[in-house]
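The values are calculated or read from the model by the stated rules, or taken from the named source; none is laboratory data. What you see is a predicted model, and the numbers here were worked out from it, not measured in a lab. Note that we place each Cβ from the backbone using ideal geometry, even for glycine, and neighbour counts take in every protein chain shown.
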Amino acid sequence: MNIAIRFISICVFVSLLIAIDVYTKHLAATHLVDGTTRNYLWGFIKLIYAENSGGMLGFGGQLPETIRFLLFEVAVGLVIAVLFFYCTFKTDISAVKTTSYMLIISGGLSNLIDRIFNEGNVIDFLLLKVG
């Protein structure tokens, strides 16, 4: 596939996923911020508003603000940029790997956007009851 077409395809796919993520977070902030919760599938899926200052499962949320900024904004931004360029210019990787990378890029960029516009926090709203 031509690199220009690959670049445009990746940008469109990533932008679409980011738009969906931003929209669902907007819905959560609008409808769940008051403490409202919604349960689905007998409580297996729970919608509840939360703001996360750390990474996955709150990891690093208690670190000093400067360290969190360097770790969750600067480092994540660099990793996303490297992954984007790798995904764009490494044309011999499989469609499955490319799609996986695009999902990672989308999630990372969406959370980065959240952190920039939400005082270093990411809006979370989906809780899966496992175990």
Discussion item. If the requirement is being modelled with pLDDT of 90 or more, surrounded by 13 or more Cβ atoms within 10 Å (Cβ to Cβ) and among the aliphatic types (A, V, I, L, M), which of these qualifies: I10, I20, I45?
Written reply: I10
Worksheet item: If a residue has to be surrounded by fewer than 17 Cβ atoms within 10 Å (Cβ to Cβ), of a type in the set (A, V, I, L, M, F, W, C) and more than 29 Å from T88 (Cα to Cα) to count, how many in region 104-131 make the cut?
Response: 4
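Could you tell me whether region 38-53 includes any residue that is farther than 30 Å from I5 by Cβ, hydroxyl-bearing (S, T, Y) and part of a loop (DSSP other than H, G, I, E, B)? Before the answer, list the steps.
Step one: of region 38-53, the residues farther than 30 Å from I5 by Cβ are 38-53.
Among the residues that remain, those that are also hydroxyl-bearing (S, T, Y) are: 40, 49, 53.
Okay, now just the ones that are also part of a loop (DSSP other than H, G, I, E, B), so 53.
Checked against the condition, which is being farther than 30 Å from I5 by Cβ, hydroxyl-bearing (S, T, Y) and part of a loop (DSSP other than H, G, I, E, B), region 38-53 yields at least one hit.
In this structure, is E73 charged (D, E, K, R), closer than 22 Å to A29 by Cβ, over 14 Å from the mean Cα position of the chain (by Cα) and at pLDDT below 90?
Details: charged (D, E, K, R): yes; closer than 22 Å to A29 by Cβ: yes; over 14 Å from the mean Cα position of the chain (by Cα): no; at pLDDT below 90: yes.
No, not satisfied.
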Worksheet entry | Single condition F125 does not satisfy, out of (1) under 19 Å from M56 (Cα atoms); (2) without any contact (Cβ under 8 Å) to a residue 40 or more places away in the chain; (3) not in a loop (DSSP other than H, G, I, E, B) | (2)
Practice prompt. Check off (1) free of Cβ contacts under 8 Å to residues at least 12 places away in the same chain; (2) in contact with a Gly (Cβ under 6 Å, 6 or more places away or on another chain); (3) within 30 Å of I3 (Cα to Cα) for V74 and give me the number that stays unchecked.
Written response: (2)
Practice prompt. Only residues in region 36-56 that are closer than 10 Å to L127 by Cβ and without any contact (Cβ under 8 Å) to a residue 24 or more places away in the chain count as the first member; pair them with residues that are not in a loop (DSSP other than H, G, I, E, B) and not hydroxyl-bearing (S, T, Y), Cβ under 9 angstrom, at least 6 apart or cross-chain, and list the lot.
Written response: T37/K46; T37/L47; T37/I48; T37/L127; N39/I45; N39/K46; N39/L47
Worksheet item: Is it fair to say S100 is surrounded by 15 or more Cβ atoms within 10 Å (Cβ to Cβ), under 19 Å from the mean Cα position of the chain (by Cα), of a type outside the set (V, I, T) and part of a helix (DSSP H, G or I)?
Response: no
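Residues being outside any helix (DSSP H, G or I) and more than 17 Å from I123 (Cα to Cα): count how many of those fall in region 57-71.
Initial filter on region 57-71 (outside any helix (DSSP H, G or I)): 59-64.
Add one more test, that the residue is more than 17 Å from I123 (Cα to Cα), and what stays is 63-64.
The total comes to 2.
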Worksheet item: Can you name the residue in region 7-38 that is touching a Leu at 6+ places or on another chain (Cβ under 8 Å) and of a type outside the set (V, I, T) and, of all such residues, is farthest from L70 (Cα to Cα)?
Response: R38
Fill in: The lone exception for T91 - which of (1) outside any loop (DSSP other than H, G, I, E, B); (2) among the hydroxyl-bearing types (S, T, Y); (3) closer than 16 Å to F7 by Cβ it fails
(1)
